[in-house]
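To start, the structure under review is shown below, and the notes come after it.
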Amino acid sequence: MAKIVRDPLVADYIVEHDVKTEADCSEVRRLYEEGCLVLLRDVRFDLDYPFLNSLNFDVEGPADIMQRVKKYGGHKILALTPKNTGPLDQFVFQNVFGSDAGKLSYFQEQVRSGNAQSDALYARLFPNYVSTRAMYTWRFTETMYEDLHWDVFGIEEHFHQVRIFSNLAASPRLWRVSHRSDEFAERVYRDAELRRFAGSNGDDLLRAMNKSALYSKTPCLDRQPKHHIAFAQGDVWVCETRIVAHQIYHGERAFAAMYFSEATTMDRPELAFEARIKRVHDRLASGETSAPLEPAI
Ligand SMILES: [Fe+2]
């Protein structure tokens, strides 16, 4: 189970919860909509962890190919066959799977199983949500020292994001998480001139905050207080990454599924990301003084 070190200067929005009963699911959903990072205490995807840990995607190769291996997501893995002739596919088949068709096929079985188990969990936790599409990421290259950020997807459509994560690596996946975007936006609204984004997509505001308020010239020197979380192998957690500022400090193998969900089907649509950002603009664009940052829960 994850080890969590909380910083009192950041709202305590990390919650551990069971998913045994309907009431548990309903509470997890309530917490998720509130903007909490919820660690699902009794959930573990049934996968072949020793096999998954035996795969090595961090192989030597030309820089342009290695850059694309990093993004070799779930759909590409599932479409890979020994007969694929593209240079990237050939590279992955030869260097990651050792040209072993059986090994590739077993990995694809694991990917299909993980995707299906995640779909079932999503349906259980959010039975009334209508999802328009899902994306699956099997990130098996090492990630280290990301800058603190809120995710910016560059997608015009408004949607409620449900993101389910799992650490598949034997080593802990280290996250640091900081302020939630709407709370932080209130604090820096005037200095970061966020009023210019009133009426535009919430992504634009996040991009500006990432750039002007969090990034420094030296990586990781954002100067924000953070909670520290070390997710153990098999841990499963849910987190809206446009709301929770996060940085992966270190991680080796992870699976994440992203469900684009209709905000109108939430229990409380007013808590959707776009609605939160709109509320900040409504409150502050008129020139009202920025509110102090208070722990929310
Ligand atoms: Fe991110």
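Tabulated data for the structure shown
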read-out	value
Scope the stretch 65-87; condition assigned to a helix (DSSP H, G or I), closer than 22 Å to residue 142 by Cβ and either at pLDDT 90 or above or of a type in the set (Lys, Arg) (or both); matching residues	65, 68, 70, 76, 77
Only listed residue being in contact with a helix residue (DSSP H, G or I) (Cβ under 7 Å, 6 or more places away or on another chain), farther than 28 Å from residue 187 by Cα, charged (D, E, K, R) and surrounded by fewer than 20 Cβ atoms within 10 Å (Cβ to Cβ), chosen from 24, 48	48
Residue 75, sole failed condition from (1) of a type outside the set (Gly, Ala, Ser); (2) in contact with a Leu (Cβ under 6 Å, 6 or more places away or on another chain); (3) more than 16 Å from the ligand (Cβ to nearest atom)	(2)
Residues located in the stretch 205-253, provided they are buried (at least 19 other Cβ atoms within 10 Å of the Cβ), closer than 17 Å to residue 169 by Cα and either without any contact (Cβ under 8 Å) to a residue 24 or more places away in the chain or small (Gly, Ala, Ser) (or both)	251
Those residues of the stretch 256-273 which are among the small types (Gly, Ala, Ser) and within 16 Å of the ligand (Cβ to nearest atom), in sequence order	256, 257
Tally of residues being in contact (Cβ under 8 Å) with a residue 24 or more places away in the chain and under 17 Å from residue 46 (Cα atoms) across the stretch 113-136	10
Unique residue being away from the ligand (no atom under 16 Å from the Cβ) and either more than 15 Å from residue 181 (Cα to Cα) or touching a Leu at 6+ places or on another chain (Cβ under 8 Å) (or both) when the list is 253, 242	253
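The values are calculated or read from the model by the stated rules, or taken from the named source; none is laboratory data. Since the structure is predicted, the reported quantities are computational estimates derived from the model, not experimental observations. Because the Cβ atoms are built from the backbone with ideal geometry, glycine has one as well, and the counts that use them run over all protein chains shown.
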